[in-house]
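**Student:** Below you will find the structure I want to go over with you.
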Amino acid sequence: MTTGQFGMAIAVLVITATRLYQENSFGIGVCWLGTNPFDYQYCRYSYGLGAISLGFTVVLAMVQCLDCEFGGVTNIIDTIFAGLGLAWWIVGAVLIKERVDEADSLNFPQEGERNAVFILAVTTAVAFGVCFIISSFGFLTSLWNSIRGHRVEVVPQRAPAEEIPQERPVEAPKEDLEKAEPVKADEPVRPIESDDELGTAERPEA
């Protein structure tokens, strides 16, 4: 995009210098913009239109080269200079169109060159307008991402789960534990030899 803007600004300068402003053999110059050929202010304005546009284009090219390093700052600069270039060429196209119509009404020569300068002015204004829209979108996107990045995300805390009471093992009374005789592990188990040892055990009837 900047290459096209640079080329169109150069074209305006070249057409103005070689076709719209001319000098005769006596060194007297004429300008074929406006109603008075000996009034050079409109040719000077055409020079300034292209020269200042070159400055805007150079700044935009430098900003695009630094975009990867500085991020959002370059979007701001890009938007500002693209907007300035857009306004500059809109005003220039309006003024050039008025001078072209005045010169054409008087049948001055170089009609095609005058209209070419006007067409270049409109085209360059459109190019700066596209750059302004793109850079503005980039600036707003970076601004929105910055705002979102600084937001504090509130995470709702869950209520702690209710603790389920655990049943405790039933312990024997301390008195019974004290009365209980300890079991000797080494003591052998004696087999029962007679029915008298069974005490009052009942036998099943036949």
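Derivation of every value follows stated rules applied to the coordinates shown; laboratory data play no part. If you're wondering where the values come from, they're calculated on a predicted model, not measured in any experiment. We place every Cβ from the backbone using ideal geometry, glycine too, and count neighbours over all the protein chains shown.
**Student:** Any idea how far apart C65 and I80 come out in nm if each label point goes 7 Å out from Cα toward Cβ?
**Tutor:** My value for the distance between the label points is 2.0 nm.
**Student:** Still on this model: Can you give me the P(r) profile for the range 1-69? Cα pairs, bins 10 angstrom wide beginning at 0, each as a whole percent.
**Tutor:** P(r) over the range 1-69, rounded to whole percents: 20, 38, 23, 13, 5, 1.
**Student:** Note down the relative contact order for the range 2-143 as a percent, whole number, built from C-alpha pairs under 8 angstrom at least six residues apart.
**Tutor:** Details: 172 pairs, mean separation 44.0, N = 142.
Relative contact order for the range 2-143 comes out at 31 percent.
**Student:** If we sort 14-20, 56-62 on the protection proxy, mean other Cβ atoms within 10 Å, highest first, what's the order? Walk me through the numbers on the way to the answer.
**Tutor:** Values: 14-20: 17.3, 56-62: 18.9.
The packing order, highest mean first, is 56-62, 14-20.
**Student:** Next question, about the same structure. If I model a spin label as a point 7 Å beyond the Cα along the Cα-Cβ vector, how far apart are those points for T141 and E102 in nm?
**Tutor:** With each label point 7 Å from Cα toward Cβ, the separation is 4.5 nm.
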